[in-house]
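The values are calculated or read from the model by the stated rules, or taken from the named source; none is laboratory data. Owing to the predicted nature of the structure, the values given are computational and were not obtained by experimental measurement. Every residue, glycine as well, gets a Cβ built from its backbone with ideal geometry; the counts of neighbours run over all protein chains shown.
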Amino acid sequence: LFPSIQMIGFMFGSILGGIISDKYGRRKVILFSMTLVSASMLVMGLAPTVLMLQIGVFSYGFSIITRAVTAMVILNELLSNDKRRTFGILVSVFCGLGGCVLSVVAYCIPNWRWMTLAIAITCTAHLPLYYCFIRDTFGWLIQNKRIKSAEKLYKEVVRVNNINLDEALLSDLKLGTKPDDDESNDVTKVENFTYIDFVTVPFLRKRILLLSFMWFSMNMGFYGLSFNTPNLGGNRFVNAFISSVVEIPAQFLCFVLVKKIGCRMGFISTAGACSVCVLLTPFLQSTNQIAGVVCAMLGKFFISAPFTILYLVTGDLFPTMLRTQSYGACSFIGRVAAIIVPYVLYLGKTVHPYLPYIVIGTVTFISAIAALLLPETTGINLPDTLEDAKQQDSHMKCCQPKKKK
C-alpha cells in the first residue's frame, strides 16, 4: 500500500511541479520541494497514526519527484553542451551511492522510525545551502522577460567568478525592456505554454507519446527489478546493496556510450541488453539461483543506463517554456508503471513465475525500438522556442557524420 501511495505522490508532483516550475521559476520550486521533503520525513518518523503516515508518504513522493525533475532542468539549462551530459550522469552516480548508503543505514538502524528520522535530520541540515546557492536559470529569466533579474544574475556571476563584464551582452539585455518597466508586468507579456500544447502541436505530440512510453517501460523495468530484489533469495540488505552498487558502473558505461555513439543509440543498446537479461533470468534461476541473481543484477545494471539517458534527453527535445512540463508529463506516465509493477510481480505468484519477466523484458525491448523514431540531441543546443525544437528533426539519422575541424 505505502509504495503505491508514494507513487501516487510522484504522479501529482510530476504534473503540478512541472507547471509551477515553468511558470514561477526553478529556484522557488527547488526550495519549496526540498523543505517539504524534510518536513515529510519528519512527519513519517513521528506519525502517531496510519493516516498521518500515509499523508507523510504521499507528501514525500510529491516533493521528491518535483525536486528531481526541476533539478535536472536546472542542470541542463546551466551547463554547456559538452558539460551537461557529464554532470547529468554524475548526478546518477551519486543516486547509486545514496542507495548503497541507505542499505547500510537500514542495516545499522533496523527500526524504520529511527532510520526515517535520521534521514530527515540529514536533509534538514543542508537546507541552508539550497537557499544560499540556488538561483533561477538565465534561460528561464530571458524567456519570461525577467530582464532585470537576468541582468542582476549576470553581474553576480561576473563578480563571483572574477571575470570581465560583457557590456555588449548587458546592452542586448537592456534592449529587451524599458528602464522603468515593472518586472511583474513583463510576465504577462510572455506566451504561456501548457500540457495542451503537447496534444495540439503535431511534432510535440509525437515526441511526448514516444517518450512517455519509454519512461513507462524504463520505470517498469527499474522498479520491477528493484522491488523483486527480496524475492531473489539470500540476505535482503546485501541484495539491496548490490542492486545499488551496479548502478554506479552502469553510469560510466552510459558516459562512454553517450560520448561514442550518442544518446539515442546508447539508449537502444542498453535497453536491448536489459531486455535480454530480464528474459533470461527466470530460466537461469530455475536451474541455478546464483546464476539467476547475477543475471537479474546485470539487468539492473543495463536498465540504469537508459534510465539516465532518458533524464538527459527528455528536456533536450522541448523548448524552455515546456521543458519542466515535459519531464512532468513523462514522469507521470512512468509512475503509472511503478504503481502497476507490484501487481505485475504478483502475477508471478498467481499465474506463472516467468510471466513478470516476460512482460518487463518485452516492454523494455519495444521501447528500444521506439527510440529510433526520435532525433539525436547530443552536441545540439537546448531549444528555446518551438521553431528551435522542430529543427531537431533534421538529426534523425542513426549515425551522424563527424564534422571536419
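For this structure, a couple of remarks:
- Among the residues of region 364-382, those identified as under 24 Å from PHE216 (Cβ atoms) and either more than 20 Å from the chain's Cα centre (by Cα) or modelled with pLDDT under 85 (or both) are PHE365, ILE366, ILE369, LEU372, LEU373, THR377, THR378.
- Residue check for ARG113: among the basic types (Lys, Arg), touching a residue at least 40 places away in the same chain (Cβ under 8 Å) and within 30 Å of ASP316 (Cα to Cα): no
- Here region 7-48 is the region considered, the condition is being of a type in the set (S, T, N, Q) and at pLDDT below 85, and the residue that is farthest from the chain's Cα centre (by Cα) is SER21.
- Matching option when the condition is surrounded by 24 or more Cβ atoms within 10 Å (Cβ to Cβ) and over 23 Å from GLN251 (Cβ atoms), among GLY328, GLY334, GLY299: GLY328
- Restricting LEU210, LEU173 to residues that are assigned to a helix (DSSP H, G or I) and either at pLDDT 85 or above or under 24 Å from LEU16 (Cα atoms) (or both) narrows the list to LEU210.
- Some residue of region 312-330 being touching a Cys at 6+ places or on another chain (Cβ under 9 Å), in contact (Cβ under 8 Å) with a residue 60 or more places away in the chain, assigned to a helix (DSSP H, G or I) and hydrophobic (A, V, I, L, M, F, W, C): yes
- If the condition is being exposed (fewer than 13 other Cβ atoms within 10 Å of the Cβ) and more than 23 Å from VAL245 (Cβ to Cβ), then region 67-113 contributes SER80, ASP82, LYS83, ASN111.
- Set LEU355, LEU386, LEU347: member being surrounded by fewer than 20 Cβ atoms within 10 Å (Cβ to Cβ), of a type outside the set (D, E, K, R) and free of Cβ contacts under 8 Å to residues at least 12 places away in the same chain: LEU355
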